[in-house]
Ligand code: TXA
Ligand code: MG
C-alpha cells in the first residue's frame, strides 16, 4: 500500500505563522488549536502536527493537510497519566509502562474509556486509542495550556521523511497549516515506541525512541511481536511497508558503493568504492546508535536534496535504538 501524498488533494493555501516558544507563542498556539487550527510543535522524538483530538473537523483538516489515509489512526498527546486515564483503560502492563517511561517517547494503545473525548475520526473508528505524554518542555507547556488531548502525527506529508526541525516542517507543510512552534532540533530523532496493551498482552507495534530491552526489563518478560511485523493483517494500520520515503531509491547494508550514489555511513566501517560517491555523511562516527537515531532523518533529507542516483546505507547494529533505525530504513527502502 502506498501512502505517498498527491499534491492535488491538498487543502486551500493558508499563511503559516512561525511562533516562538515563549509564553506568548505557546498561548497563541494553544488558542489556534482550540479554534480548530493546525499547529506543528516539537516533541522529543520528531515534530508533530497538532489538532484538537475532540474536534472532527480539525482532525479531518489534519488528514487533508498531510495527505494521510483516514484508516490510519492518530496518537493523542496528553500531559500525564491522569489525563490519559480519562481517554483509555490502563491494565497492569500499561500502568507499569506509563509510570516507568512517561513523560517520554512511548505510546500506549489501550481500550477506549467510556469518558473518552478523542473523536472517532482520530481513532480511525477503532475501539482503542493511542496515548502518549511527551517529555519535550514545549510540548508539555502547550498541552498544559490546551487542557484537551492533542492528536499529532509526524508533521510531514504522508509517506515522507519525518521532521526533526521546524525547517523540515516548513518544507513539507508551509501554506497548508496555521502555525509552526519553532523549538529547535528534536533530540531523540525517531518516533515513539508503540506498545499495545489490549486483552492482557503487551505487543510491540513499532520500535522507536524507547529501546525494546528497556521495556522488557520493566515488564519482566519479552514483548510479543505484532501481526504487522509478521506480514498478516496490520494491528497498527499506520505501519505501511513504504514510508519515510526519500525521492531517491535507498539500498541497505551496502558493502560496495556504485558510482554516483550518496552514502550514509555508521561508525568507522568504510565500504568499497567510496571515492565514486556523490556525497558522504556519517550517522555517528563514534558508532553510537542513539546519536545515529537523532541524526537519521535530517541526514537522509540532506542526501536526498543532493539529487543522487540512489542512497546507499551502511549496516547499523540492531541493538537499542538501532532496531527503530533499521525499521525506518527498511520502510524507506521498500518498493513504492
Ligand atoms: O513520536 C511519535 O510518536 C510522533 C510524535 C509527533 O509524537 N508521532 C507519530 O505519529 O509518529 P504517526 O501518526 O506518524 O504514527 C502513529 C502510529 C501509526 O502507525 C498508527 O497506526 C498508530 O500510531 N496508532 C495510533 N493509534 C492506534 C491504535 N488505536 N491502534 C493501533 N495503532 C495505532
Ligand atoms: Mg509518521
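General remarks:
Quick grid of which residues meet (1) assigned to a strand (DSSP E or B); (2) within 16 Å of ligand 2 (Cβ to nearest atom); (3) at pLDDT 95 or above:
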| site | (1), (2), (3) |
| --- | --- |
| 186 | no, yes, yes |
| 205 | yes, yes, yes |
| 208 | no, yes, yes |
| 216 | no, no, yes |
| 229 | no, no, no |
| 232 | no, no, no |
| 235 | no, no, no |
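- Subset of region 69-86 (residues that are surrounded by fewer than 22 Cβ atoms within 10 Å (Cβ to Cβ) and within 13 Å of ligand 1 (Cβ to nearest atom)): 69, 70, 71, 72
- When region 121-133 is limited to residues that are touching a helix residue (DSSP H, G or I) at 6+ places or on another chain (Cβ under 7 Å) and in contact (Cβ under 8 Å) with a residue 60 or more places away in the chain, the one that is farthest from residue 210 (Cα to Cα) turns out to be 121.
- Only listed residue being within 16 Å of ligand 2 (Cβ to nearest atom), touching a helix residue (DSSP H, G or I) at 6+ places or on another chain (Cβ under 7 Å), at pLDDT 95 or above and part of a helix (DSSP H, G or I), chosen from 51, 65: 65
- Residue list for region 79-110, filter: in contact with a strand residue (DSSP E or B) (Cβ under 7 Å, 6 or more places away or on another chain) and assigned to a loop (DSSP other than H, G, I, E, B): 89, 90, 91, 105
- Number of the exception - residue 244 against (1) within 14 Å of ligand 1 (Cβ to nearest atom); (2) on the phi > 0 side of the Ramachandran plot; (3) modelled with pLDDT of 95 or more: (3)
- Single residue of region 256-266 satisfying the filter (touching a strand residue (DSSP E or B) at 6+ places or on another chain (Cβ under 9 Å) and part of a loop (DSSP other than H, G, I, E, B)) that is surrounded by the fewest Cβ atoms within 10 Å (Cβ to Cβ): 260
- Of the set (1) in contact with a strand residue (DSSP E or B) (Cβ under 8 Å, 6 or more places away or on another chain); (2) farther than 23 Å from residue 20 by Cα, all apply to residue 63 but (1).
- Here 277, 269 are screened, and the one residue that is touching a strand residue (DSSP E or B) at 6+ places or on another chain (Cβ under 9 Å) and either at pLDDT below 95 or surrounded by 18 or more Cβ atoms within 10 Å (Cβ to Cβ) (or both) is 277.
- Residue 76 vs. criteria more than 16 Å from ligand 2 (Cβ to nearest atom), touching a strand residue (DSSP E or B) at 6+ places or on another chain (Cβ under 9 Å) and within 24 Å of residue 206 (Cβ to Cβ): no
- Residue within region 181-191 that is surrounded by 19 or more Cβ atoms within 10 Å (Cβ to Cβ) and under 16 Å from residue 52 (Cβ atoms) present: yes
- Assessment of region 111-127 against the conditions (modelled with pLDDT of 95 or more, part of a loop (DSSP other than H, G, I, E, B) and within 20 Å of residue 47 (Cα to Cα)) yields no matching residue.
- Residue selection: residue 334 fails the criterion of being touching a strand residue (DSSP E or B) at 6+ places or on another chain (Cβ under 8 Å) and crowded, with 19+ Cβ neighbours inside 10 Å.
- Of everything in region 141-170 that is more than 13 Å from ligand 1 (Cβ to nearest atom) and either touching a residue at least 12 places away in the same chain (Cβ under 8 Å) or under 15 Å from residue 37 (Cα atoms) (or both), the residue that is nearest to the chain's Cα centre (by Cα) is 165.
The values are calculated or read from the model by the stated rules, or taken from the named source; none is laboratory data. Here the structure is a predicted model, which means the values were calculated and not measured. Counting neighbours? That spans all protein chains shown, and the Cβs are built from the backbone with ideal geometry, glycine included.
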